[in-house]
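Peer 1: The structure under discussion is supplied below as structure tokens; questions concerning it will follow.
The values are calculated or read from the model by the stated rules, or taken from the named source; none is laboratory data. For clarity, every value in this text was computed on a predicted model and none was experimentally measured. Positions of Cβ are generated from backbone atoms using ideal geometry, with glycine treated the same way; all protein chains shown enter the neighbour counts.
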């Protein structure tokens, strides 16, 4: 559940980051269009618009390779129209500045709620080295992007609280019909597992075969030769006595929760499983 929740949140945040990156690329394209249209209106078809410079998250600068002259009225019209066509219209400030001292020679504000505030309109400026700076004002309102993660967090918290307070079943675990009782354990050879209460203990193939042999010969001695033959040699494998000792040691550890079950050494002969009353 936790892993699934993490994957969902990571995927959502990746989607938001990709979307934000795409919007920023679109903004740069629109700003370059403004630069090209300003040069075209000034009758300049040879100068280049330099790469857009971003001074912070909301402020961008449009610079040009050569000096040019402009009319404030034309700047207002070109900027507003191009931003509106690119669906970037909103609240923003526009300033034309000199390249050497970054002095503002013309500026205006576009605020949809109150209209345009314009200065220096109608006065042309002589040819010079200028750059255009546009600062977008972001609206102060909660982003809905975090609503979905917040909803997941709330739901996940409720899920944990519900399961923490939910009463646990008091009935005994269900034992499958094809299992064998070994003391307090339930042994399922087909599924290669032991069940002790609510705990499931997995067995490998050799452990399952060895335990099956001991159960079939309960309270009787099983020789090392018999164990080696039925577990390994019948499958074409040759092993030594040490393999049998290691295998029995592993079984003892997996049966240790019930002290009445013992696998005893029978000196010189093999092993015997007994269940004490």
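Peer 1: Counting just the residues of segment 259-271 that are without any contact (Cβ under 8 Å) to a residue 60 or more places away in the chain and closer than 15 Å to residue 183 by Cβ, which one comes out surrounded by the most Cβ atoms within 10 Å (Cβ to Cβ)?
Peer 2: If we take residues in segment 259-271 being without any contact (Cβ under 8 Å) to a residue 60 or more places away in the chain and closer than 15 Å to residue 183 by Cβ, then 263 is surrounded by the most Cβ atoms within 10 Å (Cβ to Cβ).
Peer 1: Let me ask you something else. Which condition number in (1) under 21 Å from residue 32 (Cβ atoms); (2) modelled with pLDDT of 75 or more is the one that residue 89 fails?
Peer 2: (2)
Peer 1: Kindly indicate whether any position in segment 181-188 is touching a helix residue (DSSP H, G or I) at 6+ places or on another chain (Cβ under 9 Å), more than 21 Å from residue 253 (Cα to Cα) and at pLDDT below 95.
Peer 2: No; the residues of segment 181-188 include none that is touching a helix residue (DSSP H, G or I) at 6+ places or on another chain (Cβ under 9 Å), more than 21 Å from residue 253 (Cα to Cα) and at pLDDT below 95.
Peer 1: Okay, next question. For residue 38, only one of the following conditions fails: (1) in a helix (DSSP H, G or I); (2) at pLDDT 80 or above; (3) under 33 Å from the mean Cα position of the chain (by Cα). What is its number?
Peer 2: Single failed check for residue 38: (3).
Peer 1: Filter segment 233-258 down to residues that are over 44 Å from the mean Cα position of the chain (by Cα) and without any contact (Cβ under 8 Å) to a residue 12 or more places away in the chain, then give me how many there are.
Peer 2: Number satisfying all stated conditions: 10.
Peer 1: For the subset of segment 102-124 comprising residues that are at pLDDT 80 or above and touching a helix residue (DSSP H, G or I) at 6+ places or on another chain (Cβ under 7 Å), which member is surrounded by the most Cβ atoms within 10 Å (Cβ to Cβ)? First the steps, then the outcome.
Peer 2: First, the residues of segment 102-124 that are at pLDDT 80 or above: 102-110.
Adding the requirement that they be touching a helix residue (DSSP H, G or I) at 6+ places or on another chain (Cβ under 7 Å) leaves 106, 108, 110.
Values: 106: 21, 108: 20, 110: 23.
Top of the filtered list is 110.
Peer 1: Can you report the number of residues in segment 224-239 which are surrounded by 14 or more Cβ atoms within 10 Å (Cβ to Cβ) and touching a strand residue (DSSP E or B) at 6+ places or on another chain (Cβ under 9 Å)?
Peer 2: Residues flagged as surrounded by 14 or more Cβ atoms within 10 Å (Cβ to Cβ) and touching a strand residue (DSSP E or B) at 6+ places or on another chain (Cβ under 9 Å) within segment 224-239 amount to 3.
Peer 1: For residues in segment 1-18 being surrounded by 11 or more Cβ atoms within 10 Å (Cβ to Cβ) and at pLDDT below 60, which is nearest to residue 94 (Cα to Cα)?
Peer 2: Filtering first and then ranking leaves 16.
Peer 1: Which members of segment 41-66 meet the condition of being part of a helix (DSSP H, G or I) and modelled with pLDDT of 90 or more? Before you say what the answer is, go through the steps one by one.
Peer 2: Within segment 41-66, the subset part of a helix (DSSP H, G or I) is 41.
Of everything in segment 41-66, nothing turns out to be part of a helix (DSSP H, G or I) and modelled with pLDDT of 90 or more.
Peer 1: Within segment 192-214, identify whether any single residue is in a loop (DSSP other than H, G, I, E, B), at pLDDT 90 or above, surrounded by 11 or more Cβ atoms within 10 Å (Cβ to Cβ) and touching a helix residue (DSSP H, G or I) at 6+ places or on another chain (Cβ under 8 Å), and answer yes or no.
Peer 2: yes
Peer 1: Just name the residue that is surrounded by the fewest Cβ atoms within 10 Å (Cβ to Cβ) out of those in segment 249-258 that are in a helix (DSSP H, G or I) and touching a strand residue (DSSP E or B) at 6+ places or on another chain (Cβ under 6 Å).
Peer 2: Taking the candidates together, the pick is 252.
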